[in-house]
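The values are calculated or read from the model by the stated rules, or taken from the named source; none is laboratory data. None of the values given here were measured: they were computed from a predicted structure. For neighbour counting, all protein chains shown are included, and Cβ atoms are generated from backbone atoms with ideal geometry for every residue, glycine included. Just the protein is used for accessible areas: all its heavy atoms, side chains included, with ligands, DNA and RNA removed. Shrake-Rupley method; radii C 1.70, N 1.55, O 1.52, S 1.80 Å.
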Number of protein chains: 2
Amino acid sequence: MITKLLNEIQKKDAPIVVGLDPMEKFIPTYIKKKAYDEYGQTLKGISEAIYEYNKGIVDAVCDLVPAVKPQIAMYEQFGIEGLMAYKKTVDYCKSKGLIVIGDVKRGDIGSTSASYAVAHLGKVKVGDELIPVFDEDMATVNPYLGTDGVKPFVDVCKAEDKGIFVLVKTSNPSSGELQDKICDGKHVYELMAEYVNKWGEDVMEGNYSNVGAVVGATYPEVGKALREIMPKTLILVPGYGAQGGKGADLVHFFNKDGLGAIINSSRGIIAAYQSEAYASYGEENYADASRAAVIAMKEDIKSALK
Amino acid sequence: MITKLLNEIQKKDAPIVVGLDPMEKFIPTYIKKKAYDEYGQTLKGISEAIYEYNKGIVDAVCDLVPAVKPQIAMYEQFGIEGLMAYKKTVDYCKSKGLIVIGDVKRGDIGSTSASYAVAHLGKVKVGDELIPVFDEDMATVNPYLGTDGVKPFVDVCKAEDKGIFVLVKTSNPSSGELQDKICDGKHVYELMAEYVNKWGEDVMEGNYSNVGAVVGATYPEVGKALREIMPKTLILVPGYGAQGGKGADLVHFFNKDGLGAIINSSRGIIAAYQSEAYASYGEENYADASRAAVIAMKEDIKSALK
């Protein structure tokens with residue numbers, strides 16, 4: 001999977017992933033109105049609105065970017081209906097040739113992580129049948145439980161040609177409370193980076209592994225250190241845009257081959273029409289605003305990498 | 001919520017939670033056959049079987065224990081249908097007077113954790129409506145992202161009278177890879193325990209907080225140390241039974257008031273009929289075997305606590 005992702009990044013010349021994290025307030029009023037008129041202000045109503053909204057964005061940006069990253073929490077909050085919209089979004093994005101990174105941040109004891117791995121990347125056994133479930137291409141994984149919790153995902157990556165991104169240094173303000181602590185002379189994020197290297201050894205494709213890492217754009221110096229510790233790891237970089245990360249901050253997340261990182265933007269793209277810069281599009285043209293925001297982001301990163 | 005849980009523990013004289021973690025291999029053949037005959041070997045088929053299986057166990061043990069802990073991964077692996085069985089299980093358990101601890105181990109950056117908190121413990125806003133979603137009573141939370149990731153759950157606990165259990169020291173073999181590391185002169189699990197105290201301050205009810213902690217039965221010495229660091233924290237203790245924890249290991253997880261811990265057993269109860277000790281029940285009477293296993297567990301803990 002990692003080769004496919006790297007190829008798509010190069011083909012589209014865009015180390016960019018669009019975060020499909022629909023909040024109710026991002027969705028244009030006319031889309032919500034239509035859905036609420038049909039289904040009421042219900043979980044089904046909002047879920048229909050989310051899917052319509054997502055489709056518009058996906059149609060507008062699918063030729064520009066290699067991948068999307070739906071944040072499952074934004075769907076899970078609307079229950080079963082929301083998760084149906086998640087699954088429909090995953091399938092729709094795949095039908096448009098996009099690689100789908102499920103931002104699920106699952107992680108548990110071994111046997112339980114195996115179930116999560118199956119749910120998101122594998123096939124589940126029912127009687128004599130093997131059935132794909134949410135079937136994303138890649139997923140994010142929480143490493144708090146250690147190797148037990150991550151290994152089942154790696155095993156599924158190997159069997160099904162999928163990939164994961166392990167949380168190493170997250171983009172949020174309080175990530176340092178645990179991740180920046182120093183133990184055995186190194187930061188927790190460095191320790192986790194070494195585990196990422198180890199977990200990734202068994203699922204290498206050429207220069208990169210199917211075990212990637214999450215490192216927030218909001219900590220560029222940490223990104224630089226982690227880039228060196230994990231030379232064969234694709235880094236998924238959240239925190240660009242709305243969370244404060246800028247193009248210039250991103251340079252050190254990349255390897256000298258110009259690869260090695262993929263930058264996520266969510267709100268900055270999917271709700272572009274609500275920002276001053278793209279307000280002139282109006283909500284009817286929210287998807288065009290998203291497209292313009294992707295093009296601007298591409299330029300920002302490109303000029304930073306020059 | 002914590003007061004309600006403690007009252008139920010005392011009323012039923014059982015600091016026990018039954019882990020509803022249905023694996024296909026645990027479900028009696030006759031239940032699976034009926035479901036597969038009706039719905040095929042499909043996600044719907046297995047999900048119907050899971051719900052029937054759960055109902056049998058819940059009916060057999062609901063007068064004996066205060067709480068159940070469905071592990072959502074075991075349902076999520078069967079997709080939307082599986083999650084419908086999860087939701088039906090939550091509702092059924094609540095209708096039987098049981099407190100439901102959703103073992104979801106969610107945790108993310110602030111705004112995303114807020115969505116997870118709403119999904120599992122709160123109500124989601126849709127237009128002008130506020131709608132409960134999965135609506136468990138309590139949930140487990142992963143602290144890798146620090147205060148940002150946990151605080152939204154605490155806020156919902158406060159608003160909705162719910163509770164959480166934060167992962168501190170998990171029961172799995174590799175939990176020490178991160179959790180046992182020493183930073184600033186203390187183990188990571190001690191550091192997290194101090195955070196649990198802090199996060200819990202704002203949601204105290206009498207002697208206990210609505211912010212509890214997860215500490216595995218498989219590490220009794222760690223349990224003893226953590227009991228002292230977190231005197232006002234209810235400890236949810238997984239790892240009893242199938243994972244190797246024994247009654248005698250549990251003593252130090254309790255406070256001197258005889259409270260302070262609730263012990264989980266999953267496989268040892270829900271698949272009791274498959275173990276040698278309860279094989280005589282036969283699969284038709286799997287639920288009676290589960291009841292007998294709960295009674296034996298109660299005795300084991302009681303004699304250890306004497």
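Might you report the magnitude of the Cβ-based charge dipole of the stretch B:28-89 about its Cα centre, with Lys and Arg at +1 and Asp and Glu at -1, to the nearest 20 debye? Working shown, then result.
On the way: 8 positive and 8 negative charges, 13 e Å.
In debye, rounded to 20, the stretch B:28-89 gives about 60.
When a/c is below 1.5 the answer is rounded, else prolate if a/b is larger than b/c, else oblate, so apply that to chain B with a ≥ b ≥ c taken from the square roots of the Cα gyration tensor eigenvalues. It is oblate, given that a/c is not under 1.5 and a/b is not larger than b/c. If only the Cβ of Lys and Arg carry +1 and only the Cβ of Asp and Glu carry -1, the dipole of the stretch A:66-223 around its Cα centre is close to 260 debye.
Give the distance, in whole Å, between the Cα centre of the stretch B:255-303 and the Cα centre of the stretch A:235-306. Using only Cα atoms, the two centres lie 54 Å from each other.
Between copies, the label points of A:G244, set 7 Å from Cα on the Cα→Cβ line, lie 4.3 nm apart, reported in increasing order to one decimal in nanometres. Given a 10 angstrom Cα cut-off, can you work out which residue in B:E276, B:E228, B:E194 is the most mobile in a GNM of chain B? So, out of B:E276, B:E228, B:E194, the one fluctuating most is B:E276.
Which pairs break 26 Å Cα to Cα here: B:K87/B:K246; A:K33/A:K88; A:K151/B:K105; A:K44/A:K298; A:K44/B:K158?
Result: B:K87/B:K246; A:K44/A:K298; A:K44/B:K158 exceed 26 Å.
Of the solvent-accessible surface of the stretch A:107-265, computed with a 1.4 Å probe over protein heavy atoms with every protein chain present, carbon and sulfur atoms account for 52 percent.
For each pair in B:K12/B:K94; B:K11/B:K96; B:K96/B:K256, compute the distance between the two Cα atoms and list the pairs where it is over 20 Å.
Over 20 Å Cα-Cα: B:K96/B:K256.
Within straight-line reach of A:K302, meaning a Cα separation under 13 Å, sit the following aspartates and glutamates at least 8 residues removed in sequence or on another chain: A:D13, A:D249. The stretch A:156-216 and the stretch B:6-42 have Cα centres separated by 35 Å. Each Lys or Arg adds one and each Asp or Glu subtracts one; over the other residues with Cβ under 15 Å from the Cβ of A:K256, this totals +2.
GNM on chain B, alpha-carbon springs under 10 angstrom: the most fluctuating residue among B:E129, B:E205, B:E81 is B:E129. Placing a label point 7 Å from the Cα of B:D13 along the Cα-to-Cβ direction, the distances to the matching points in the other copies come to 7.8 nm, shortest first. In this assembly of identical copies, the label point of B:E228 (Cα plus 7 Å along Cα-to-Cβ) is separated from its counterparts by 4.1 nm, sorted shortest first.
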